[in-house]
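The values are calculated or read from the model by the stated rules, or taken from the named source; none is laboratory data. Quick caveat: nothing in here was measured; it's all calculated off a predicted structure. A quick note on method: Cβ atoms are made from the backbone with ideal geometry, for glycine too, and the neighbour counts reach across all protein chains shown.
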Amino acid sequence: MERRVAFLGPRGTFSEEAARFFFENQPVSFVPYSSIPNVLDAIDKGKVEFAVVPIENSIEGTVNLAMDWLIHQIDVPIRGEVAYPISQHLMAAKSIELGQVKKVLSHPQAIAQSQLFLREYLPDVEIEYTRSTAEAVQIVGANPQEPWAAVGNRISQEIYPVVFLREYIQDQSNNYTRFFLVSSLEWEFRASNREKTTILVTLPSDFPGALHQVLAAFAWRKINLSRIESRPTKTGLGNYHFIIDLEQKMDEILLPGAFAEIEALGCQVRKLGSYPCYVKSIKVNS
């Protein structure tokens, strides 16, 4: 049976590129959904076998909607991660001068990642946010009579009837987005020399210094943490979960021992996944 992979659509998004990276030359079909919650609902309700969502950008930080949905709305493990290079391009339905552009459409993250270019060359244009960069390119391509432009990725220019006005307009050249692959199924991936385990720790509200002791449980075991972030528990002001990325795959002794020590403090530990990590190499067209 052909497996189905959900991604944030429409066609031509970075999410689709990341999904295709995970399943290169694999017998799967790719299914676009209109929002991150819809992508994750599809995997939770069994409409698809895999889902790919953006989780963090190196410039703009965590994609809170995706992280909160993984924590609060579904219980499906993380199976893989890819850090994907992000390049943004300005496109229009036909070749026009920048001074003729009256409105720029794109996802809020793409607009934020291209602020320096937009402030310098298009300081007075109207900005309209869309659910994805591909949706912005699709809208601009479908309205050639309008003086609009879209900020999007290279693959969308190959799908929709648009041309480049300017290429590589992102503020930072070292711009990556991390994508999670989530699924209830195990999958055999290509080899990776790096693995992570991600956990969610909830502290007792009446235990001063609990976070320090949580971190100490990893420190004396020499387990490296690559990220720690607080997110609201949504149970009251000032109550937080802590999302922790451990640079270690799940084992039978070291991590279970650390988790047991943390739980003995009265904390709750939920494993979100133990998974291989990849970095997509950058290819710049000359």
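Scan (1) surrounded by 13 or more Cβ atoms within 10 Å (Cβ to Cβ); (2) more than 18 Å from the chain's Cα centre (by Cα); (3) aliphatic (A, V, I, L, M) for the single condition residue 155 breaks and write down its number.
Answer for residue 155: the failing condition is (2).
Just one of 125, 151 is among the β-branched types (Val, Ile, Thr) and either assigned by TED's automatic domain parsing to the domain that holds residue 64 or over 26 Å from residue 32 (Cβ atoms) (or both); which is it?
From the options 125, 151, the qualifying one is 125.
Can you name the strands (runs of 3 or more DSSP E) wholly within the range 2-72 that have at least 1 residues being over 20 Å from residue 84 (Cα atoms)? Walk me through how you get there before you give the answer.
Values: elements: 3-8, 28-33, 50-57.
It comes to 3-8, 28-33.
Against the definition (at pLDDT 95 or above, at negative phi, crowded, with 19+ Cβ neighbours inside 10 Å and in a strand (DSSP E or B)), how does residue 81 come out, yes or no?
yes
Counting residues that are within 30 Å of residue 249 (Cα to Cα), at pLDDT 95 or above and in contact with a strand residue (DSSP E or B) (Cβ under 7 Å, 6 or more places away or on another chain), which strands (runs of 3 or more DSSP E) fully inside the range 142-193 reach at least 1?
Passing ranges, in order: 176-182.
If residue 135 passes every condition in (1) among the acidic types (Asp, Glu); (2) modelled with pLDDT under 95; (3) loosely packed, with under 13 Cβ neighbours inside 10 Å but one, which one does it miss?
(3) is the only condition that residue 135 fails.
Return the residue satisfying two criteria in turn: it lies in the range 222-264 and is loosely packed, with under 15 Cβ neighbours inside 10 Å and in contact with a helix residue (DSSP H, G or I) (Cβ under 7 Å, 6 or more places away or on another chain), and of such residues it is modelled with the lowest pLDDT.
Checking each candidate, the answer is 234.
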